[in-house]
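Undergrad: Structure provided below as structure tokens; questions to follow.
The values are calculated or read from the model by the stated rules, or taken from the named source; none is laboratory data. Predicted, not measured: the structure shown is a model, and the values here were computed from it. Backbone-built Cβ (ideal geometry, glycine too); neighbour counts: all protein chains shown.
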Amino acid sequence: MFKVLRSTKSAVRFSLKHSKKYLLENRCQESLIVLWFSFGGADKRVSYSTGYSVSYADWDYQKQRIKTNKSRVINSHTVNNYLNKLDTELMNQYSRFVDEEIPITKELIKETLDIISGKLVPVEKEEIVPVDFFKFSENYLNQKKDRIEKPTFTLYKGTLTKLKKYARIRKVTVDFSSFNKSFLDDFRGFLETKENLALNTVSKHFKNLKMFVIEAKNQGLILNPPLKYFKVSTEETTKIYLNDSEIEKMLKLDLSYNKRLELSRDKFLMGCYTGQRVSDYNSITLDNIVDIDGLECFRIKQSKTKNIVDCPITLEIREIMARYNNQPPPYLYDTDINENIKIVGRVLGFNEVIKTEITKGGKLVKRNKLKWEMIETHTGRRSFCTNKYKKGMPSLFIMHISGHKSEREFLKYIRDRGEDRTKHIVDQGYFNI
């Protein structure tokens, strides 16, 4: 026997407008039949007039329909069929809204009921003349160019490049009707197997692609795209941090014989002492210095989030600035910092073996790496957060400097092991030990 599955989070019921007690006392009084639809909490409840009225004696409170036996209503079957229609079609439309991730509001429910009841004629959408998906996406991206960070703009461009390559190799046409489950599954397979990309990179490409598709939907070029199929799970990758002792060794290392290495080291350390992203600590100048009641800080407007943070100028930062006429070290390309800081780490003998795991090409890849191989520009920000956390500084204080808005995102930066974190918690005095 076949049946229809309905969401337990929604329900349709019919009741009379007047109370049962009132109608018992006024048996000749007719009361309006009202449809009630609940689709969440108390604030997500809609009432709707059916247009029919009935007396207490002719209403079946248990079945929520007009009585068909011993009823004085001649057209009881007709009215009940109308109520059944409202119930069935509303639930079918609600299920479609949920499946297609359409925001559900009281206004949408009432409009849907008006269409079902015939009070409202659906407005036929004007036929859209298709435009090229890639041209549309590139135009939209260029409009956003001045409002997003350059690395983010490059990532979006990279996604479109991958999609074009996919279309060329697979010999398919990508248009506004392409984005169904089978297409997205095949595109993901292409990124994993043909491009040999890591899982988190695949996830970023899908997130970027979703942005273009949502904008196309907003402009009426795509009707109800299946957005749930754009979600690709991510994994926590193996990332390192440098502890305070390692950072101090790096600060004290004499690199005066190689100015390029010295500058790369000093730029990297600016990240360790300020907790900022490379796009921010690499651009600090004297103009960023502010005085807060005698405390000198770098005031930075973060390029990614536009947050404004004040980073105290520490003694270590002043030691670095002394090498550059008491100014922040000059700008250096990120790629140069990444390449040279690994050399510095190797010189310092940061040879701890790190076991890494990453899903790449759809397979779990395990490798052993030396710690110096894994140092990168973002290691500075991660080291700042982890070291301050291990010293007992409250998360909110660290986040105030680093600019993290949520503790969930902040905790991703904490790179101490599980046992280290347990020790850190115990040291705060929460246990009688």
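Undergrad: Sort out which residues of the range 37-61 are farther than 18 Å from His18 by Cβ and not hydroxyl-bearing (Ser, Thr, Tyr), and write them in order of number.
TA: Within the range 37-61, Phe37, Phe39, Gly40, Gly41, Ala42, Asp43, Lys44, Arg45, Val46 qualify.
Here's the yes/no breakdown for (1) hydroxyl-bearing (Ser, Thr, Tyr); (2) closer than 30 Å to Lys194 by Cβ:
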{"site": "Asp291", "(1), (2)": "no, no"}
{"site": "Gly294", "(1), (2)": "no, no"}
{"site": "Arg299", "(1), (2)": "no, no"}
{"site": "Asn307", "(1), (2)": "no, no"}
{"site": "Thr314", "(1), (2)": "yes, no"}
{"site": "Glu319", "(1), (2)": "no, no"}
{"site": "Asp336", "(1), (2)": "no, no"}
{"site": "Lys342", "(1), (2)": "no, yes"}
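Undergrad: Residues in the range 31-50 that are out of contact with any Leu (no Cβ under 8 Å at 6 or more places or on another chain), modelled with pLDDT of 90 or more and either over 30 Å from Asp99 (Cβ atoms) or of a type in the set (D, E, K, R) (or both): how many?
TA: The qualifying residues number 0.
Undergrad: Any idea which of (1) at pLDDT 90 or above; (2) within 40 Å of the chain's Cα centre (by Cα) is the one Tyr82 doesn't satisfy?
TA: (2)
Undergrad: Same structure again: Somewhere in the range 204-212, is a residue without any contact (Cβ under 8 Å) to a residue 40 or more places away in the chain, outside any helix (DSSP H, G or I), assigned by TED's automatic domain parsing to the domain that holds Thr159 and under 25 Å from Gly361 (Cα atoms)?
TA: For the range 204-212, residues without any contact (Cβ under 8 Å) to a residue 40 or more places away in the chain, outside any helix (DSSP H, G or I), assigned by TED's automatic domain parsing to the domain that holds Thr159 and under 25 Å from Gly361 (Cα atoms): absent.
Undergrad: Still on this model: Got at least one residue in the range 277-288 being assigned to a helix (DSSP H, G or I), hydroxyl-bearing (Ser, Thr, Tyr) and under 19 Å from Asp336 (Cβ atoms)?
TA: For the range 277-288, residues assigned to a helix (DSSP H, G or I), hydroxyl-bearing (Ser, Thr, Tyr) and under 19 Å from Asp336 (Cβ atoms): present.
Undergrad: While we're on this one: Which pairs do you get when a residue that is closer than 13 Å to Leu209 by Cβ, found in the range 224-235, comes within reach of a residue that is surrounded by fewer than 17 Cβ atoms within 10 Å (Cβ to Cβ), reach meaning Cβ atoms under 6 angstrom, with the pair 6+ apart or on two chains?
TA: Pro225/Lys217; Leu227/Glu101; Tyr229/Lys181
Undergrad: I would also like to ask the following. So which pairs qualify, if the first residue must be in the range 340-355 and under 18 Å from His378 (Cβ atoms) and at pLDDT below 95, the second must be surrounded by fewer than 17 Cβ atoms within 10 Å (Cβ to Cβ) and among the polar types (S, T, N, Q), the Cβ gap must be under 8 Å, and the two must be at least 6 apart or on different chains?
TA: Once the first residue is under 18 Å from His378 (Cβ atoms) and at pLDDT below 95 and sits in the range 340-355, its partners that are surrounded by fewer than 17 Cβ atoms within 10 Å (Cβ to Cβ) and among the polar types (S, T, N, Q) give Ile354/Thr238; Ile354/Asn368.
Undergrad: In addition: Scan the range 138-169 for residues that are exposed (fewer than 14 other Cβ atoms within 10 Å of the Cβ) and more than 21 Å from the chain's Cα centre (by Cα) and jot them down.
TA: Asn139, Asn142, Gln143, Asp146, Thr161, Lys164, Arg168, Ile169
Undergrad: Also, I was wondering about something else. Being within 18 Å of Cys272 (Cα to Cα) and surrounded by 13 or more Cβ atoms within 10 Å (Cβ to Cβ) is the filter here; which residues of the range 304-319 pass it?
TA: Val309, Asp310, Cys311, Pro312, Ile313, Glu316, Ile317, Glu319, listed by residue number.
Undergrad: Is there a residue in the range 287-300 that is within 15 Å of Arg381 (Cα to Cα) and buried (at least 19 other Cβ atoms within 10 Å of the Cβ)?
TA: Within the range 287-300, one or more residues are within 15 Å of Arg381 (Cα to Cα) and buried (at least 19 other Cβ atoms within 10 Å of the Cβ).
Undergrad: May I ask you to list the residues in the range 21-47 that are loosely packed, with under 13 Cβ neighbours inside 10 Å, outside any loop (DSSP other than H, G, I, E, B) and touching a residue at least 24 places away in the same chain (Cβ under 8 Å)?
TA: Selection gives Leu24 alone.
Undergrad: Among the residues of the range 213-265, which ones are of a type in the set (Gly, Ala, Ser), surrounded by 15 or more Cβ atoms within 10 Å (Cβ to Cβ) and under 30 Å from Val365 (Cβ atoms)?
TA: Ser264
Undergrad: In addition: Can you pull out every residue in the range 93-120 that is modelled with pLDDT of 85 or more and touching a Ser or Thr at 6+ places or on another chain (Cβ under 7 Å)?
TA: Result: Gln93, Tyr94, Ser95.
Undergrad: Looking at the structure I just gave you, is Phe268 surrounded by 22 or more Cβ atoms within 10 Å (Cβ to Cβ) and in a helix (DSSP H, G or I)?
TA: yes
Undergrad: Taking Glu373 as meeting all but one of (1) in contact with a Gly (Cβ under 9 Å, 6 or more places away or on another chain); (2) modelled with pLDDT under 95, write down the number of the exception.
TA: (2)
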